Amino acid sequence: MEALYSQLAFDIDGNASPVHAADALGSTSLKNHLVSNWAKATVQENPMMKKFPGMKFHQDDESVFTNILAPAGSRAVSSYTVLRAGPTRKILWDPQEIKAAIVTCGGLCPGLNSVIRDVAIGLYNNYGVRTPGKVLGIRFGYNGFDTEKYPPVILTPAVVEEIHQKGGSILGAGRGGFKPDFIIDRCVALGINHLYVVGGDGTQWAADVLFQVVKERGLKFAIIGIPKTIDNDILFFDRSFGFHSAVDAAVNAIKSGFNEASSCFNGVGIVKLMGRDSGFVARNAALASNLSDAVLIPEVDFDFDGPGGLLAHVEYRLKRKGHCVVVVAEGAGQRFCSTGKHDTTGHTVYGDIGVLLRDRVNQHLQKTCGGRCFFIDPAYMIRSVPATHVDNVYGLVPFPSLPVAA
């Protein structure tokens, strides 16, 4: 899983000739992923050319600039480029050789079932991977490669037809169980040569380790990373799947916090939302609900005390309108509640900023203007809901060209 992006500088002078993507890529690692550079004997014609004769296919060397803004008066801009996703006329794999598996790792995220469905149906309908047992679902994350303990699920159109209407993952999700050589051994034993890995930072790091194992062994094996996070914190992505659904559910939690707070004398609703290192869910949900008086996110520090502190602001809002709503991302304010601990996967164990916030605000209210707090933590609710129609449509975009990216 080499990085599929490169940094380059390009001229934006109107008189300059445009930079062709293949030339811009030069000798970077991106060039290794162009179909035109693969051995011609192994390149296959995309079966979608016959299935959809009027379909527009991408050139395999097309790339997308991640930065399209330029300072006034500047003639050159430094930007990253990424390979453009989408079907090309030539692909590496003969679809009849493919035996695919998909694994969902880490915590839940809205849209996991949509991704499972779209991978299975995309392979079946668009590429003719139709023999029963040629598309498998690995259960409970990387743990599921212990197939005697967790038998795989055979994914067919009939099995996945309605799963996008459900929350969670029909394959289950799980942490741990990562044994690189054992996993590749099991894949080889089962005949798997396409592995779709759905997960966050740790999962994709592990997928890269698997890539290094198959590379060292000289195996013809494709590992496709599908990034998963409701926090929406993936470089170069405007939005990750599940983010819209999480925000939609979080808005309802904020409304509940507002209803509780506004129905009580000097009520303060505190709503803690997911977001370890980024506050996109908290920010967007607060903007969408338009009911919040303060939003605390990991990217912006804050103080409890002092004239510009949170407690003074809460008191001011109570005096002005009699109630207040505070939305806080789970990773905000960790300098006040850091645990100094790490879990078994190496991730920092964050302190509960929501509980601390509730206790500090309650203590302040008792000493000053009176009132009470209502603490709402919908974390597991917003990540386990079914995907919204927006995420279902968004999740369809990458999957018509799956074997192309492999």
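The values are calculated or read from the model by the stated rules, or taken from the named source; none is laboratory data. A quick note: this is a predicted structure, and the numbers were derived from the prediction, not measured. Because the Cβ atoms are built from the backbone with ideal geometry, glycine has one as well, and the counts that use them run over all protein chains shown.
Among the residues of the range 268-309, those identified as charged (D, E, K, R), touching a residue at least 24 places away in the same chain (Cβ under 8 Å) and more than 19 Å from A246 (Cα to Cα) are D293, D301. Number of residues in the range 310-346 that are without any contact (Cβ under 8 Å) to a residue 12 or more places away in the chain, within 24 Å of A253 (Cα to Cα) and either buried (at least 18 other Cβ atoms within 10 Å of the Cβ) or basic (K, R) (or both) equals 2.
For beta carbons closer than 9 Å, sequence separation of 6+ or different chains, a first residue in the range 349-368 that is over 12 Å from E315 (Cα atoms) and a second that is in a strand (DSSP E or B) and of a type in the set (G, A, S), the qualifying pairs are I353/A329.
Could you tell me how many of the residues in the range 211-220 are assigned to a helix (DSSP H, G or I) and without any contact (Cβ under 8 Å) to a residue 60 or more places away in the chain? Write out each step before concluding.
As a first pass, look at the range 211-220 and keep what is assigned to a helix (DSSP H, G or I): 211-217.
Cutting the leftovers down to without any contact (Cβ under 8 Å) to a residue 60 or more places away in the chain gives us 212-217.
Residues meeting the conditions: 6.
Wholly within the range 2-105, which strands (runs of 3 or more DSSP E) include no fewer than the required count, namely at least 3 residues that are modelled with pLDDT of 50 or more and surrounded by 11 or more Cβ atoms within 10 Å (Cβ to Cβ)?
Details: elements: 5-11, 63-65, 76-83, 100-104.
It comes to 63-65, 76-83, 100-104.
Taking the criterion of being β-branched (V, I, T) and not in a loop (DSSP other than H, G, I, E, B), the residues of the range 177-196 that qualify are I183, I184, V188. Set side by side, the residues L291, L287 differ, and just one is farther than 28 Å from G346 by Cβ, modelled with pLDDT of 95 or more and in a helix (DSSP H, G or I), which is L287. Screening N125 against (1) closer than 20 Å to L210 by Cα; (2) over 25 Å from the mean Cα position of the chain (by Cα); (3) part of a helix (DSSP H, G or I); (4) not aliphatic (A, V, I, L, M) leaves a single unmet condition, (1).
Among the residues making up the range 225-246, a single one is surrounded by fewer than 20 Cβ atoms within 10 Å (Cβ to Cβ) and assigned to a strand (DSSP E or B): P227. In the range 120-136 there is no residue matching the filter, namely being under 30 Å from P378 (Cβ atoms) and surrounded by 15 or more Cβ atoms within 10 Å (Cβ to Cβ). Of all the numbered requirements in (1) out of contact with any His (no Cβ under 7 Å at 6 or more places or on another chain); (2) of a type outside the set (G, A, S); (3) in the same structural domain as E299 (by TED's automatic domain parsing), V393 misses one, and that requirement is (3). Taking (1) modelled with pLDDT under 95; (2) in contact with a helix residue (DSSP H, G or I) (Cβ under 9 Å, 6 or more places away or on another chain); (3) not basic (K, R) in turn, V247 satisfies each apart from (1).
From the set of residues in the range 356-393 that are of a type in the set (G, A, S) and in contact with a strand residue (DSSP E or B) (Cβ under 8 Å, 6 or more places away or on another chain), which is nearest to A246 (Cα to Cα)?
From the range 356-393, those of a type in the set (G, A, S) are 370-371, 379, 384, 387; that's our starting set.
Keeping just the survivors that are in contact with a strand residue (DSSP E or B) (Cβ under 8 Å, 6 or more places away or on another chain) gives 371, 379.
Numbers: G371: 30, A379: 9 Å.
Checking each candidate, the answer is A379.
Could we say that I224 is within 25 Å of D208 (Cβ to Cβ) and of a type in the set (A, V, I, L, M, F, W, C) here?
Values: within 25 Å of D208 (Cβ to Cβ): yes; of a type in the set (A, V, I, L, M, F, W, C): yes.
Considered against the rule, which asks whether it is within 25 Å of D208 (Cβ to Cβ) and of a type in the set (A, V, I, L, M, F, W, C), I224 comes out as yes.
Scan the range 323-339 and tell me whether some residue there is at pLDDT 95 or above, under 20 Å from A312 (Cα atoms) and more than 33 Å from the chain's Cα centre (by Cα). Within the range 323-339 (the criterion being at pLDDT 95 or above, under 20 Å from A312 (Cα atoms) and more than 33 Å from the chain's Cα centre (by Cα)), the answer is yes, since at least one residue qualifies. Scoring S263 on the criteria (1) modelled with pLDDT of 95 or more; (2) closer than 30 Å to L83 by Cα; (3) among the hydroxyl-bearing types (S, T, Y) leaves a single failure, condition (2).
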